[in-house]
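Below: the structure, in C-alpha cells.
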Amino acid sequence: MQRIALVTGGMGGLGEAICIKLAALGDKVVTTYSPHNKTAQEWLRKMNDMGFGFKAYACDVSDFDSCKACVELITKDLGPIDVLVNNAGITRDMTFKKMTKADWDAVIHTNLDSTFNMTKQVMDGMTDRGWGRVINISSVNGTKGAFGQTNYAAAKAGMHGFTKSLSLEVAKKGVTVNTISPGYIGTKMVMAIPQEILDSKILPQIPQSRLGKPEEVAGLVAYLASEEAAFVTGANISINGGQHMF
Ligand code: NDP
C-alpha cells in the first residue's frame, strides 16, 4: 500500500529535495507551508506539472493547534501519516548580547516546539498500526555549537534529546525516531550568507571543501524511512563533509 509521507517545510531548499526523493520512491507526499507564504500555490502547480502529485496544507508548525488542525485535515483527505519528516526551521542569528526574547522564542517555537507539535499528532496512530517513521532534521550546530546561534543550537540540540527519549518509548511498536544533522548544505538558508564569509570562514571548516547537496540529505531521509532502516532508531546521523565528528 502507498505510504503517506508528511514533510514540514517542503517548499524550502532541503524540504523540496526530500519531497521529490520520497515521491520518486512511491510515497504520497504531503507538505506544509506557512500561512503567510504567498508563493505556495505557484510552487505546488510547478511541482505537480512535473508529475509529483504533491499535496500541500497551510500550517504554522510553531503552533500546536495549527498542527492539530492540519494533520486532522490530511488524515481526513488522504489517510493516516506513515512517515513524518520534521524539517521546517528558521534562523535568527545574532550574538547572545543582541538576542531578544522574541528572537529566542521564534527559533525555539519553530525549530523545537514544532517537533513536539507535529509528532504528537501522528504518534498514537503509528504505534496503533505498528509501523511508523519520524525523522527530525537537526543541524551540525546542535552538537558543535556556533557563534551567534545560541537559540538555533539549543533548539537543534533539543531535537536529539527528544529523538532519543521518544525512540525508547516506541521501540517495541514498529516505530523508529531518528535525527539527521546536516552540515552546510547549499540551500537558500546558506546561500544567504555573503560569499566572502562562505569562502573565508565556512568552506575552510569542511574537509571536503564544498557545501552538501540537498539531494544528499534527501537520500539519507529516504534510507531512514525505508524498511531496511528498521533497526536504526534513536540515532543522530551526521552528514557534513567531515566538518564535525562525534
Ligand atoms: P529553507 O529556509 O529553505 O526552508 C525552511 C522551510 O521551513 C520553509 O519551507 C518554510 O516555509 C518552513 N517554515 C519556517 N517557519 C515555518 C512555520 N512557522 N510554519 C511552517 N513552516 C515553516 O531552509 P532549509 O531547507 O535550508 O532548511 C530545512 C531544515 O534543515 C531546517 O530545519 C534547517 O534548520 C535545517 N538545516 C539546514 C541546513 C542548511 O545548510 N541549509 C544545515 C543544517 C540544518 P515557508 O517558506 O512557507 O515559511
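Here, each number is a calculation from the coordinates, and none is a lab measurement. Worth saying up front: this structure is predicted, and the values here are computed from it rather than measured. Cβ placement follows ideal geometry from the backbone for every residue including glycine, while neighbour counts extend to all protein chains displayed.
Take E216 and tell me if it is within 17 Å of S139 (Cα to Cα), free of Cβ contacts under 8 Å to residues at least 40 places away in the same chain, of a type outside the set (S, T, N, Q) and assigned to a helix (DSSP H, G or I).
yes
Residues in segment 9-68 that are buried (at least 21 other Cβ atoms within 10 Å of the Cβ) and hydroxyl-bearing (S, T, Y) were compared, and the one that is farthest from the ligand (Cβ to nearest atom) is T31.
Of all residues in segment 108-121, those that are in contact (Cβ under 8 Å) with a residue 40 or more places away in the chain have Cβ atoms under 6 Å from Cβ atoms of residues that are among the small types (G, A, S) and surrounded by fewer than 24 Cβ atoms within 10 Å (Cβ to Cβ), 6 or more apart or on another chain, in H109/S62; T110/S62; L112/G158; D113/S62; S114/S62.
Among residues of segment 21-38 that are farther than 14 Å from L84 by Cα, those with a Cβ under 8 angstrom from a residue that is assigned to a loop (DSSP other than H, G, I, E, B) and of a type in the set (D, E, K, R), sequence gap 6+ or separate chain, pair up as G26/R3; S34/D60; P35/D60. Looking across segment 178-196, just one residue is of a type in the set (D, E, K, R) and either surrounded by 10 or more Cβ atoms within 10 Å (Cβ to Cβ) or in contact (Cβ under 8 Å) with a residue 60 or more places away in the chain (or both), and that is K188.
One residue stands out in segment 99-147 among those that are within 11 Å of the ligand (Cβ to nearest atom) and not in a helix (DSSP H, G or I): the one that is farthest from Y223 (Cα to Cα), namely A146.
In the set S209, S200, S238, S226, only one residue is within 11 Å of the ligand (Cβ to nearest atom) and either surrounded by 14 or more Cβ atoms within 10 Å (Cβ to Cβ) or not hydrophobic (A, V, I, L, M, F, W, C) (or both); that residue is S238.
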